[in-house]
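S.K.: What follows is a single structure, and I will ask about it in a moment.
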Amino acid sequence: MLFELDSVTLSRGGREVLRDLTASLPEGASCVAGPSGCGKSSLLRLLNRLADPDRGTVTYRGADVRERDVLELRREVCLVPQLPALLDGTVADNVRFAGQLAGRDPDVERLLDLAGLGASYAARDSSRLSVGEQQRAMLARGLALEPDVLLLDEPTSALDDDARGAVEATLVDLRERVEVSIVLVTHDLAQARRMSDWVVRIESGRAVQQGPTHDLLPA
Amino acid sequence: MSTGIDVSLGQVAAALALVAIAIAVSFWQRADLEGDIGIAVVRSFIQLTAIGFVIQVIFDEDRIVFVIALIAVMVGFGALTARHRASKVPDAFWPLAVALGVAATATLGLVVALGVFEPEPRFLVPVGGMVVGNSMTASAVALNRLGDDVHDSARRIEATLALGATATQAAAPIVRRSLRSGMITLVDSTKTTGLIFFPGTMVGMLLAGADPEDAVRLQLILLYTLLGSVALAGLISIGLAYRNFFTSDHQLREPPEP
């Protein structure tokens, strides 16, 4: 199993956002689905230790995430946040920054291509991109780490239908070209159906259903 | 260098006429500062008179240990005052106290070692006071900016941490900006000194009857000394304080709202 969460409780600002949650996420493409504010983004942050639970354990490939070096874990399990948050500089600067964190000299053009951006974007100022372009630049930056797992937090929530379809196509294409597991957080059950083989449904901080997507979310 | 000057209490009292103008302006424009101006006048009189007596004792005793004690007290009060201004920075007192203490020690140590001033209370007390005061202001501005920027950029910082960057790497752009904020006022005022305003030491020496050339040289020494001490205090206070926003596992203590 890629991730297992066992009786996890997490509070933020004095409010419990995850309550005694137990769930499994296998290798491959999984979705954590649920309405806004149900705690799914908070769950994602536990997987690469941007936060730790108050109670319960999170394991990654059988080992407690707290036993891993936290920086190594985050380079292996890379989280791409919901709202783009690039650093100042060009798109290439951002991609190289991530590559250097992992001790690599990244092939910027290839990574931009994988993320659905042309090589011409390398020299573009990161602050002058559309939201969709920033989202793809964030994806290229994450891929520069050559991660084993990509954690994607609502990667299409700020996009219109066309841009959403294009990003989904990019992610499908990415999985065919790169060996990487994906955990995608979404409020959109139709997207969960399109993009995953396994789904965990969350409501009010609890896992209410989990299993193969074709069983839980039949077309 | 002649520094003999007698100032009577009557002359000080006469200067209160200018305070009356300030109170009248506040009253006329309903700025509601009359009470604060009154408190400021009373406090400044009491505090400066008290420190005047303390300095007189230290000068009379002529012992370095009293200088060290006075500067230690200034550092403590400076750190307390700056902590209130940098309220968004968690546990800011110790970073500030260390920064002010190191800046004062290193700056005074250097000016003595370089032969700029003699190691005597009459030099070390006023220079130490200026160093601590300016370092406090610069550190407070820098930490205030740090607190605002970490709060405003939490999303970007966490996105950088999510790539496996250390807290130091994720905070680096903000640390740079905050240090710049703390230093820029003194750098700008040093650029314009003599053109737009006359700095305090020079004015004081000229009023006391000193030769203008001596007044200018002493002022230059102090400006250069302050630049060094402010840079040191800003660097140390920010370098220590930014860590308080993170856990030892490179997590933001107050993550952005989802």
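The values are calculated or read from the model by the stated rules, or taken from the named source; none is laboratory data. Since the model is a prediction, treat every value here as computed from it, not as a measurement. Counting neighbours? That spans all protein chains shown, and the Cβs are built from the backbone with ideal geometry, glycine included.
S.K.: Answer with yes or no whether B:ILE37 is within 27 Å of B:VAL230 (Cα to Cα) and not polar (S, T, N, Q).
M.R.: On the way: within 27 Å of B:VAL230 (Cα to Cα): no; not polar (S, T, N, Q): yes.
For B:ILE37, the condition - within 27 Å of B:VAL230 (Cα to Cα) and not polar (S, T, N, Q) - is not met.
S.K.: Where residues in the stretch B:200-257 are over 26 Å from B:THR137 (Cα atoms) and small (Gly, Ala, Ser), which of them is surrounded by the most Cβ atoms within 10 Å (Cβ to Cβ)?
M.R.: B:ALA210
S.K.: What is the number of the single condition among (1) in contact with a Leu (Cβ under 6 Å, 6 or more places away or on another chain); (2) under 13 Å from B:ALA241 (Cα atoms); (3) in contact (Cβ under 8 Å) with a residue 60 or more places away in the chain that B:ALA79 does not meet?
M.R.: So B:ALA79 meets the others, but not (3).
Residue-wise test of (1) more than 13 Å from chain B (Cβ to nearest Cβ); (2) surrounded by 21 or more Cβ atoms within 10 Å (Cβ to Cβ).
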site: A:ARG66; (1), (2): no, no
site: A:GLY89; (1), (2): no, no
site: A:ASN94; (1), (2): no, yes
site: A:LEU112; (1), (2): yes, yes
site: A:GLN135; (1), (2): no, yes
site: A:GLY142; (1), (2): no, yes
site: A:LEU151; (1), (2): no, yes
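S.K.: If I ask for residues that are surrounded by fewer than 17 Cβ atoms within 10 Å (Cβ to Cβ) and within 7 Å of another protein chain (Cβ to nearest Cβ), which ones from the stretch B:156-177 would you list?
M.R.: If the condition is that a residue be surrounded by fewer than 17 Cβ atoms within 10 Å (Cβ to Cβ) and within 7 Å of another protein chain (Cβ to nearest Cβ), then B:THR166 is the only one that fits.
S.K.: Here is a further query. Yes or no: the stretch B:122-137 includes at least one residue that is under 25 Å from A:VAL95 (Cα atoms) and in the same structural domain as B:LEU240 (by TED's automatic domain parsing). Spell out the reasoning first.
M.R.: Initial filter on the stretch B:122-137 (under 25 Å from A:VAL95 (Cα atoms)): none.
Looking through the stretch B:122-137, none of the residues is under 25 Å from A:VAL95 (Cα atoms) and in the same structural domain as B:LEU240 (by TED's automatic domain parsing).
S.K.: Something else: Quick one: which residue in B:ALA82, B:ALA103 is under 15 Å from the mean Cα position of the chain (by Cα) and modelled with pLDDT of 95 or more?
M.R.: Working: B:ALA82 fails: modelled with pLDDT of 95 or more.
Going through B:ALA82, B:ALA103 in turn, the sole match is B:ALA103.
S.K.: So, in the stretch B:130-155, exactly how many residues are facing chain A (nearest Cβ under 10 Å) and either among the small types (Gly, Ala, Ser) or buried (at least 19 other Cβ atoms within 10 Å of the Cβ) (or both)? Break it down into steps so the answer makes sense when it comes.
M.R.: Let us first name the residues in the stretch B:130-155 that are facing chain A (nearest Cβ under 10 Å), namely B:153-155.
Restricting the remaining residues to those that are either among the small types (Gly, Ala, Ser) or buried (at least 19 other Cβ atoms within 10 Å of the Cβ) (or both) gives B:153-154.
Here the count works out to 2.
S.K.: So, restricting to helices (runs of 4 or more DSSP H) that lie completely within the stretch B:144-235, which ones have at least 1 residues that are closer than 30 Å to B:GLY115 by Cα?
M.R.: Because the criterion is at least 1 residues that are closer than 30 Å to B:GLY115 by Cα, the helices (runs of 4 or more DSSP H) in the stretch B:144-235 that meet it are B:167-192, B:200-207.
S.K.: Output the qualifying pairs, or none if there are none: Cβ atoms under 8 angstrom, residues six or more apart or on different chains, first residue in the stretch B:34-45 and in the same structural domain as B:ALA20 (by TED's automatic domain parsing), second residue small (Gly, Ala, Ser).
M.R.: Correct list of pairs: B:GLU34/B:SER26; B:ILE37/B:ALA22; B:ILE37/B:SER26.
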